[in-house]
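Okay, structure first, notes after.
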Amino acid sequence: MSFLSKSKNILGINARNLLYIAKYNSSANKQFADDKIFTKNFLQSRGIGVAKLYYVINSHEELNKFNFSSLPTNFVIKPNKGYGGSGILVIKNKKDNIFIQINGHPLNLYHIYKHCADIIDGKYAISGLQDKVVIEERLEQHEYFEELSSKGLPDVRINVFNLIPVIAMLRLPTKESEGKANLHLGGIGVGLDMGSGKGNFGVRYNQFIRKLPNGKRINEIKIPKWDEILFTAAKIQHVTGIGYLAVDLTLVKTEIKILEVNARAGLAIQIANKEPLKARLEKITDLKVIGPEQGVEIAKTLFSQKLIPDKNGKIKKEVIGLYEPILVLGDKNIKAIAKIDLYNKENFINKKIFNKADDSITDIIIKGHRLKLPFKTIDLKKENYDLIIAGQYLKDFLIDPNEQELKRKDSLRDLDEKIILNIDKKITDIEKQIKFLSYFRPLNLTEEKEIFFKNPIVSPSFIYKDLTIDCHAIKKDLHRIPKEAEHPLLPLYLKKAEELEIKLNIIEARNSQELGNYSEQLYGKINYYIYKDALEYIEKYHFKEDESKILNTKQIIKYLKEYLKEKKLSEWNIKILEDSPSDIQVNKKHSVFLKKDSKFTENRLKAIIVHEIETHIFRLENGRRQKYGLFEIGTPGYLETEEGLAIYNQENLNIPLGGKHIRFAMAAIAIYLGKKMTFCELFHYLKATFHLNDDLAWKICVKTKRGLNDTKIKTSFTKDIVYFTGYQKVKNFLENDTENKIKQLYRGKITIEDIKSLKDFEMKEAKLLPKRQ
């Protein structure tokens, strides 16, 4: 077995304990990871998903008083300080006092009570001492896992060291393991490629397997949301400070949930991957890693599978020719052409592009693989290549001497495309990581509204969630984005990076005068002329009152579900929000958020559908069809076109909406005045001048003063100006050739200006388009 031939690099339990756990994990780290309740609360407070905690039973006295009938239909019982999966009881159904386990076996109330008593007595605790009973939500597996295992909840284990995910495996529960994913109980371990999340090898009962019990081949497995999973694992090490750990996590529908953090990372993961850990850990020990994102990037570079199975499942090496485009890494990344010399014993690099001393170790990337090689400098100015790489340094590749033709232009173009795809991934990952607007939703909105309405002479004080991202580290990542690629999308990515940095500045400027200045950089500055245009728009607009039928929340949900189904968007879910400044909104994770107890007229619901679904969701889904994630998250400045188009579609319905017709102009007025007024002053001015009711004036002021704890500060969060300015621009743009321009705008989340710059750029046509009125 080739794996055993690498035995000197296998990490054993003594080496693990001495070299990694004792050195990098303090006793406090171990206590932290061993305490599931504390770990759960700690992670949840930092925006990391965990199973919902129902109850904690601390003692026999509490157990005797506990009412088991209060438990939901399905749940999980586990010891707080358990290990190895022992003591976990998964209940999938409950009727009266009969509890059905995941394996189908029934238990009565006595069995449940006895199991809880054993947990408290420390039967399953890692220390053997008295423990606590944890009763938590039973997680439902992601649909992808249903074809892999119908018994229990699969999970992914990832070992992390120095913020770098080092090795990973998928653990699948089986009938023999009684729904648990632990290998020693009979579960299946599948080694995963760190670069792609694809299955490499499988192991069951210490025997290697090529297929799952249902016949699916191991190398056909590919874990969804792989990059997000890797980032989550690295982030957990970042926030917990545990130097060497294993993270167990799982996918549920669209979310990642953490099952356990282990400060004594197991070793069987090496077998599932046929890959010893020792060499991997030694390779990254001295690396300086800035943050989780860079850790993931390093993991995918260093530990991605170099040997690729062919269609018959056999392993073969990746093929390279005698000339290959590469990237020389340094302060400035350099694209170059390398000549592969089968007979040379040394590597050479053109001194024109390399000014280091001979035999300096330099990083290069070839065919997506990162190599550290020593180079000597020579003069290659007369050659059509920039480097000579000795064949002896490329043992992980097959070198095909027949691939001799050098097409420098084409090769560098391919390299530019790879660089752009890497930039695209970096930009989209950072955009999703920031979760910008979540930092501007007041957590105490209902309470402050109630207080203000009782005493409307004191501006409210809002509370927001704590910062859960490292803004400084993310800015560093943005500054490291390459600027040398020759590609039509590069200017958009560089502007997007600037836009993301402004977003981080805005987050850091919450509750200060600077909030308004930074938000103007992002959304545009409102001046007197825009203010006057908005006033004029309201004065000239003659709208009819909306007298259509009023719908309750249940009716609204039914209507929305039917519409989404009709448009084949059934993966979108409708969720109820307890508290929100907006009645309805959508996000990029297939969720439509509806404020609790919302009531809309039929006309308003029609307007919402064209605004939220036929604009935001349609452009999002069309953008997802494109090759580049940029068209899903939005090109720089896309929001003005996005919201302007939404208003345009809404107005094109030509149905009475009452004051909704002028709400976006009112927002622009409030933003202009909010720079000169406190919340309280703005509230009363809007009411007196425009005859707004209390509720509407409150909503407008909340949106204007978002991001401020002290709303007496005279500044505005200017986001909502884009509705008014965007509508004017979209309306003018679509005055002629409307149908063709709509098709272009709906290819993704792009701006009006992008249409010109992307004129000759190949994109897929829009699949979802709004109905023309």
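The values are calculated or read from the model by the stated rules, or taken from the named source; none is laboratory data. These numbers come from a predicted model, not from an experiment. Cβ: placed from backbone, ideal geometry, glycine included. Neighbour counts: every protein chain shown. Ligands, DNA and RNA are excluded from the accessible area calculation, which covers all protein heavy atoms including side chains. Shrake-Rupley method; radii C 1.70, N 1.55, O 1.52, S 1.80 Å.
Suppose we keep only residues that are polar (S, T, N, Q) and in a helix (DSSP H, G or I) within segment 488-523. Which one would you say is farthest from Phe436 (Cα to Cα)? Among residues in segment 488-523 that are polar (S, T, N, Q) and in a helix (DSSP H, G or I), the one farthest from Phe436 (Cα to Cα) is Asn517.
Within segment 134-165, the set of residues being among the aromatic types (Phe, Trp, Tyr) and open to solvent by 10 Å² or more (accessible area, probe 1.4 Å) comprises just one member, Tyr144. Just one residue in the set Asp331, Asp310 is modelled with pLDDT under 85, open to solvent by 60 Å² or more (accessible area, probe 1.4 Å) and out of contact with any Leu (no Cβ under 9 Å at 6 or more places or on another chain); that residue is Asp331.
Taking the numbered list (1) assigned to a loop (DSSP other than H, G, I, E, B); (2) modelled with pLDDT of 95 or more; (3) among the small types (Gly, Ala, Ser) in turn, Ala485 passes all entries but (2). Across segment 320-373, which residue is farthest from Pro482 (Cα to Cα) among those that are part of a strand (DSSP E or B) and basic (Lys, Arg)? Out of the qualifying residues, it is Lys339. Looking across segment 140-172, the residues that are modelled with pLDDT of 90 or more, assigned to a loop (DSSP other than H, G, I, E, B) and either out of contact with any Phe, Trp or Tyr (no Cβ under 9 Å at 6 or more places or on another chain) or over 20 Å from Ile284 (Cβ atoms) (or both) come down to Pro154, Leu163. The residues listed here are Val586, Val592, Val610; of these, the one that is under 29 Å from Gln728 (Cα atoms) and either hydroxyl-bearing (Ser, Thr, Tyr) or touching a His at 6+ places or on another chain (Cβ under 8 Å) (or both) is Val586. Here Ala279 passes the criteria (1) at pLDDT 80 or above; (2) over 27 Å from Gln392 (Cβ atoms); (3) touching a helix residue (DSSP H, G or I) at 6+ places or on another chain (Cβ under 7 Å) except the one numbered (2). Considering Tyr531, Tyr559, Tyr563, Tyr523, the condition of being modelled with pLDDT of 95 or more, in contact with a helix residue (DSSP H, G or I) (Cβ under 7 Å, 6 or more places away or on another chain) and closer than 20 Å to His611 by Cα is satisfied by Tyr523 alone. Counting only residues that are of a type outside the set (S, T, N, Q) and within 29 Å of Gly266 (Cα to Cα), segment 58-100 holds 16 of them. For segment 744-752, the condition of being open to solvent by 80 Å² or more (accessible area, probe 1.4 Å) and without any contact (Cβ under 8 Å) to a residue 60 or more places away in the chain holds for none of the residues. The helices (runs of 4 or more DSSP H) found wholly in segment 35-130 and carrying at least 3 residues that are under 30 Å from Lys432 (Cβ atoms), open to solvent by 10 Å² or more (accessible area, probe 1.4 Å) and in contact with a strand residue (DSSP E or B) (Cβ under 9 Å, 6 or more places away or on another chain) occupy 36-44. If we scan segment 693-700, do we find a residue that is over 27 Å from Arg624 (Cα atoms), assigned to a loop (DSSP other than H, G, I, E, B), over 34 Å from the mean Cα position of the chain (by Cα) and free of Cβ contacts under 8 Å to residues at least 24 places away in the same chain? Within segment 693-700 (the criterion being over 27 Å from Arg624 (Cα atoms), assigned to a loop (DSSP other than H, G, I, E, B), over 34 Å from the mean Cα position of the chain (by Cα) and free of Cβ contacts under 8 Å to residues at least 24 places away in the same chain), the answer is yes, since at least one residue qualifies. Restricting segment 642-677 to residues that are among the β-branched types (Val, Ile, Thr) and open to solvent by 10 Å² or more (accessible area, probe 1.4 Å), the residue that is nearest to the chain's Cα centre (by Cα) is Ile662. Quick one: Ile284 ticks every box in (1) under 16 Å from Leu371 (Cβ atoms); (2) under 27 Å from the mean Cα position of the chain (by Cα); (3) free of Cβ contacts under 8 Å to residues at least 60 places away in the same chain bar one, so which box is it? Looking at each condition in turn, Ile284 falls short on (3).
Taking the numbered list (1) farther than 26 Å from Thr285 by Cα; (2) touching a Gly at 6+ places or on another chain (Cβ under 6 Å); (3) polar (S, T, N, Q) in turn, Asn200 passes all entries but (1). Considering only residues that are within 18 Å of Lys151 (Cβ to Cβ) and over 36 Å from the mean Cα position of the chain (by Cα), which ones fall in segment 78-125? Answer for segment 78-125, where residues must be within 18 Å of Lys151 (Cβ to Cβ) and over 36 Å from the mean Cα position of the chain (by Cα): Phe99, His105, Pro106, Leu107. Taking the conditions (1) of a type in the set (Asp, Glu); (2) in contact (Cβ under 8 Å) with a residue 60 or more places away in the chain; (3) surrounded by fewer than 22 Cβ atoms within 10 Å (Cβ to Cβ) in turn, Glu176 satisfies each one other than (2). Selection of segment 619-650 for residues being farther than 20 Å from Lys731 by Cβ and among the polar types (S, T, N, Q) yields Asn622, Gln626, Thr635. Consider Glu499 carefully, then state whether it is open to solvent by less than 70 Å² (accessible area, probe 1.4 Å) and in contact (Cβ under 8 Å) with a residue 40 or more places away in the chain. The answer is yes for Glu499. Residues in segment 441-458 that are open to solvent by less than 40 Å² (accessible area, probe 1.4 Å) and under 36 Å from the mean Cα position of the chain (by Cα): Pro442, Asn444, Leu445, Glu448. Scanning segment 242-298 for residues being under 30 Å from Glu140 (Cβ atoms) and part of a strand (DSSP E or B) gives a total of 16.
Of all the criteria given as (1) at pLDDT below 95; (2) closer than 30 Å to Ile420 by Cβ; (3) surrounded by fewer than 19 Cβ atoms within 10 Å (Cβ to Cβ); (4) not aliphatic (A, V, I, L, M), the one not satisfied by Asp470 is (3). Based on what the data block shows, is Tyr723 open to solvent by less than 50 Å² (accessible area, probe 1.4 Å) and in contact with an Asp or Glu (Cβ under 6 Å, 6 or more places away or on another chain)? Here the answer is yes, as Tyr723 does meet what is asked. Summed over segment 369-390, residues that are open to solvent by less than 50 Å² (accessible area, probe 1.4 Å) and not hydrophobic (A, V, I, L, M, F, W, C) total 6.
With the condition kept exactly as written, say whether any residue in segment 399-409 is part of a helix (DSSP H, G or I), farther than 23 Å from Ile474 by Cβ and either modelled with pLDDT under 85 or touching a His at 6+ places or on another chain (Cβ under 9 Å) (or both). Yes, there is a match, as at least one residue in segment 399-409 is part of a helix (DSSP H, G or I), farther than 23 Å from Ile474 by Cβ and either modelled with pLDDT under 85 or touching a His at 6+ places or on another chain (Cβ under 9 Å) (or both).
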